[in-house]
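Note sheet for the following structure.
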Amino acid sequence: MVGAMSTPKVVFQINYLPHQDDIQDRDINFDEYTRQRKFYSSRQENDFIKYIVNGSKDPHDFVEYSGNEEKSEGIFNQDGLLDYHSRQSLRGRLRQTKSLIWKGFISFESEFGKDKCHSYEQALDLMKHEFPRFLNKAGLDAKNITWFAALHTNTDNNHIHFAFFENEPTRHRQTTKGLIAEGKHFSHGRLNQHALVNFRIRAEQRLESWNTLLAGVRKPMMDDFKQSLKKSKRGEIADMMNNLLYELPKTGRLQYDSENLAAARPFIDRITKCVISNDARLYEQVENFFILVRNKDDTTRRICKDTKTDPTRHLLFEKYKRDMYRRFGNTVLDCVNAIRFEQRQKEYEKAKGKSLKRVKRAKRTAKFEELVKLNSDIAREAADFFKEYLYKLGEFDLGRMVSGELE
């Protein structure tokens, strides 16, 4: 259950500072804006970069704040820790950019942060894999963004400071009449709530290694399903498999989510449910899998309640249930295809056997016909020889008669 007063494990906040050329129509305290823009765009000696490196509570310099080993784990971007020359290059780009500068922090509940995000490597893994996803969901192009961050462990709540800006303008400039003028603007600073909530959910999941945990449960479950299916040589499941064999199309893609299998999917799902219900160990694994996903949905509901957001689009149970049936369904189809292949092999062997018999029979017939012909030839040759013998014998007798030897 989600407690009404549960403490958020991850807090994610972002603000932004427009460039001076982009503030005419905004209700902004110009003096305060100027002070902050100079600080975050590194236009003064004590700037945002130095603030990160040194860890000072006073807003001196963000970049240098990250490099102070006593206060932080070091300033980094997607490529790793920044050395002195990289920090100087970053300062130069901050001073030159006309982009908005977004700045924010990711703060962790005390025990959660100390357990799950207490090193530069953990902070880098989180930012490198989840921050670009967040940027894209927020309507920005992650490939067009320069970002840098640092993990601070010098307070009760470990937290990550970060900032980012666009490299090139991305949106067309609009005239007062709504027409597109020449040139482009950098993006406006507002980011949608969905992207912010989604990042909190994914950040907590990554730090808890939820995907790894899920894979650790799912793999043995899939292996056991496959083994249980292979053992079903007789009985109800075998009959259902044979019936499915004749229902499947003869051609086309035979995957669970294929369009030509739409009519067969309910039947495939019935086979899946039957296999699960007939195997006690597999049934328990599936239930544990569902419990794990429900727990994650409870976490999501907690985060959405904290941010007053509708959790519907963030919940995972139905998504992972469909994915599980898809995986099981493809295993069923693999097994059915193996049965079909085996049957075709038997049909081929049977046809091959019949063909061999025909060949042998034809050979025997040919040999018999050859013997008959040979016998006929021998008989003819014998008759011809006998005729010739009689003829020679007649000639011999005639000669003797002529010579008077015969009367």
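The values are calculated or read from the model by the stated rules, or taken from the named source; none is laboratory data. Everything numeric in this text was worked out from a predicted model, so none of it was measured. Backbone-built Cβ (ideal geometry, glycine too); neighbour counts: all protein chains shown.
Tabulated results
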| read-out | value |
| --- | --- |
| Exclusive hit being exposed (fewer than 13 other Cβ atoms within 10 Å of the Cβ), of a type in the set (A, V, I, L, M, F, W, C) and assigned to a helix (DSSP H, G or I), set ILE291, ILE268 | ILE291 |
| Single unsatisfied condition, SER232 versus (1) hydroxyl-bearing (Ser, Thr, Tyr); (2) more than 30 Å from THR331 (Cβ to Cβ); (3) surrounded by 19 or more Cβ atoms within 10 Å (Cβ to Cβ) | (2) |
| Checking ALA195 against (1) surrounded by 17 or more Cβ atoms within 10 Å (Cβ to Cβ); (2) without any contact (Cβ under 8 Å) to a residue 60 or more places away in the chain; (3) outside the structural domain of LEU333 (by TED's automatic domain parsing), the condition it does not meet | (2) |
| Enumeration of residues in the range 198-213 that are free of Cβ contacts under 8 Å to residues at least 40 places away in the same chain and in contact with a strand residue (DSSP E or B) (Cβ under 8 Å, 6 or more places away or on another chain) | none |
| Out of LEU245, LEU214, LEU207, sole residue that is surrounded by fewer than 19 Cβ atoms within 10 Å (Cβ to Cβ), closer than 30 Å to ARG302 by Cα and touching a Lys or Arg at 6+ places or on another chain (Cβ under 9 Å) | LEU214 |
| Filtered residues of the range 271-281 (kept if in a helix (DSSP H, G or I) and either without any contact (Cβ under 8 Å) to a residue 60 or more places away in the chain or in contact with a Phe, Trp or Tyr (Cβ under 6 Å, 6 or more places away or on another chain) (or both)) | THR272, LYS273, CYS274, VAL275, ILE276, SER277, ALA280, ARG281 |
| Residue in the range 120-134 that is in a loop (DSSP other than H, G, I, E, B) and modelled with pLDDT of 90 or more present | no |
| Residue, farthest from LEU292 (Cα to Cα), within the range 214-258, restricted to residues that are under 20 Å from the mean Cα position of the chain (by Cα) and free of Cβ contacts under 8 Å to residues at least 12 places away in the same chain | ARG253 |
| First in the range 126-146 and buried (at least 19 other Cβ atoms within 10 Å of the Cβ), second anywhere and among the β-branched types (Val, Ile, Thr), Cβ under 6 Å, 6 or more apart | LEU135/ILE145 |
| Which numbered condition GLU121 misses (of (1) in contact (Cβ under 8 Å) with a residue 40 or more places away in the chain; (2) surrounded by fewer than 22 Cβ atoms within 10 Å (Cβ to Cβ); (3) under 20 Å from GLY74 (Cα atoms)) | (1) |
| Among (1) modelled with pLDDT of 90 or more; (2) under 16 Å from ASN330 (Cβ atoms); (3) of a type outside the set (A, V, I, L, M); (4) surrounded by 11 or more Cβ atoms within 10 Å (Cβ to Cβ), the one test that ASN278 misses | (2) |
